[in-house]
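Here is the structure we will look at.
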Amino acid sequence: MDKMTIRDIDLKGKKVLMRADFNVPLDESLNITDDIRIRAAVPTMKYILDKGAAKLILMSHLGRPKGKPEAKYSLQPVAERLNKLLNMPVKKLNDCVKVKAEVDAAKEKVILLENLRFHAEEEANDPAFAKELAGLADIFVNDAFGTAHRAHASTEGVTKYLPSVAGFLLEKEIEYLIGALDKPKKPFVIILGGAKISDKIGVIENLLPKADCIIIGGGMAYTFLVALGKNVGSSKLEPDKVNIAKKILDDARTKNVNIALPVDHVASDRFDASAEPHVIDSEDIPEGLMALDIGPKTIEKFKAALKGAKTVVWNGPLGVSEWDSFKKGTEEIANLIAALGATTIIGGGDTAAAIAKFKLEDKMTHISTGGGASLELMEGKILPGIAALKDKK
């Protein structure tokens with residue numbers, strides 16, 4: 001998927017409309033608690049300004065307002081953070097439509113529109129709404145990978161009215177999640193965790209023919225263990241997916257792909273951060289106990305499966321990694337792959353949060369900024385926000 005980027009287009013003197021992902025977490029006092037998504041977009045913003053763009057008009061959503069303004073979802077805190085990160089004044093507008101006169105009159109070079117989702121037309125991909133956004137500028141740059149799997153007015157609609165290219169962040173996501181996975185360096189190991197097998201079926205089906213080994217932990221592992229006739233106590237389970245797990249195990253055997261599953265567990269009698277951890281030294285989990293992390297033997301088994309890997313893709317923690325008593329499996333495997341010297345691609349969401357918690361971000365080749373979007377790309381789906389951009393000649 002060879003898409004045009006901001007490097008392929010003349011920005012001098014142009015008004016540039018950029019879709020960013022400023023959907024950041026806020027505390028009760030509306031202070032930003034993690035600005036990684038804003039910082040991730042800074043290289044694209046600086047490049048646009050350095051290349052002499054007349055104006056940079058930024059747009060994003062924040063949270064889930066129901067198609068009307070809600071003060072707690074205002075992008076005001078983002079404007080204040082952008083002021084600091086760009087080291088220049090950022091003009092924050094009170095709306096994202098009916099603002100053309102304000103945009104044109106603004107002395108500031110950087111303008112931030114108010115939350116797109118204050119209008120129901122954004123998620124409905126309303127053509128008139130998209131056309132009005134597009135009317136603010138000469139060029140559209142999409143750098144919001146986290147929303148690229150949604151055909152919204154600000155991601156797909158505007159591309160019908162403006163020359164549309166990818167920013168650096170989107171380019172990197174395409175390079176790793178499409179490029180690296182298209183022809184992965186072998187051995188290619190996939191690590192899948194998280195709560196549900198249903199979220200990962202498409203990924204397994206798409207990548208199984210390319211993989212040498214698939215490591216499965218987290219809540220989804222127990223559905224596979226039930227498929228093998230094991231007892232999982234009161235662990236997370238999707239009974240209606242047991243047959244799918246059996247089929248995946250059969251397909252893997254046919255294709256000679258090793259599927260590595262837990263052989264021991266760290267369990268407790270309740271789902272609670274303060275619950276007492278117990279190591280269960282077998283594949284079977286006694287009644288009344290739920291597994292919340294992989295056990296010590298499983299950690300060693302997974303490490304052995306990763307030995308010598310040249311490409312590793314990881315989506316989903318291997319236990320309840322946000323709780324200190326149940327983070328060991330995820331942390332040990334994270335430390336191992338950080339030291340592998342392989343191409344390491346981390347899916348967004350909870351896995352990215354775990355890597356940040358263990359302070360290993362700088363040791364990974366690529367950490368995706370989109371949870372749902374990265375999963376869909378790994379499933380081999382075409383994302384509307386990427387498909388709509390201009391192809392390279």
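Worth pointing out:
- Reported count of residues in region 124-145, each being in contact (Cβ under 8 Å) with a residue 60 or more places away in the chain, open to solvent by 20 Å² or more (accessible area, probe 1.4 Å) and in a helix (DSSP H, G or I), is 0.
- Scanning region 196-210 turns up no residue that is in a loop (DSSP other than H, G, I, E, B), open to solvent by less than 20 Å² (accessible area, probe 1.4 Å) and small (Gly, Ala, Ser).
- Filtering region 1-21 to residues that are surrounded by fewer than 17 Cβ atoms within 10 Å (Cβ to Cβ) and under 13 Å from residue 56 (Cα atoms) leaves 12, 13.
- When residues of region 381-393 are limited to those that are part of a loop (DSSP other than H, G, I, E, B) and open to solvent by 50 Å² or more (accessible area, probe 1.4 Å), the one farthest from residue 317 (Cα to Cα): 393
- Selection within region 219-239: residues that are more than 26 Å from the chain's Cα centre (by Cα) and within 25 Å of residue 188 (Cβ to Cβ). The member of this set that is surrounded by the most Cβ atoms within 10 Å (Cβ to Cβ) is 225.
- Residue check for residue 216: farther than 17 Å from residue 344 by Cβ and either modelled with pLDDT of 95 or more or surrounded by fewer than 17 Cβ atoms within 10 Å (Cβ to Cβ) (or both): yes
- Flag if residue 301 is open to solvent by 40 Å² or more (accessible area, probe 1.4 Å), modelled with pLDDT of 95 or more and touching an Asp or Glu at 6+ places or on another chain (Cβ under 7 Å): no
- Selection from region 153-194 of residues that are free of Cβ contacts under 8 Å to residues at least 60 places away in the same chain, of a type outside the set (Lys, Arg) and either open to solvent by less than 20 Å² (accessible area, probe 1.4 Å) or part of a loop (DSSP other than H, G, I, E, B) (or both): 153, 157, 161
- For the condition out of contact with any Lys or Arg (no Cβ under 6 Å at 6 or more places or on another chain) and more than 22 Å from residue 354 (Cβ to Cβ), residue 182 qualifies.
- Matching residues, region 240-270, being under 28 Å from the mean Cα position of the chain (by Cα), without any contact (Cβ under 8 Å) to a residue 60 or more places away in the chain and outside any helix (DSSP H, G or I): 257, 258, 259, 260, 261, 262, 265
- Scan of region 366-380 for residues that are within 14 Å of residue 174 (Cβ to Cβ) and either crowded, with 21+ Cβ neighbours inside 10 Å or out of contact with any His (no Cβ under 8 Å at 6 or more places or on another chain) (or both), ordered by number: 366, 368, 369, 370, 373, 374, 377, 378, 380
- Within region 312-342, the set of residues being more than 20 Å from residue 373 (Cα to Cα) and of a type in the set (S, T, N, Q) comprises 321, 325, 330, 335.
- One residue alone among 363, 327, 359, 307 is open to solvent by 20 Å² or more (accessible area, probe 1.4 Å), of a type outside the set (Ser, Thr, Tyr) and more than 28 Å from residue 38 (Cα to Cα), and that residue is 307.
The values are calculated or read from the model by the stated rules, or taken from the named source; none is laboratory data. Bear in mind that the values here come from a model prediction, so they are computed numbers and not experimental data. Reconstructed Cβ throughout: ideal geometry from the backbone, glycine too, with neighbour counts over all protein chains shown. The protein model used for the area step is the full one, side chains on, heavy atoms only, and it has no ligands, DNA or RNA in it. Shrake-Rupley method; radii C 1.70, N 1.55, O 1.52, S 1.80 Å.
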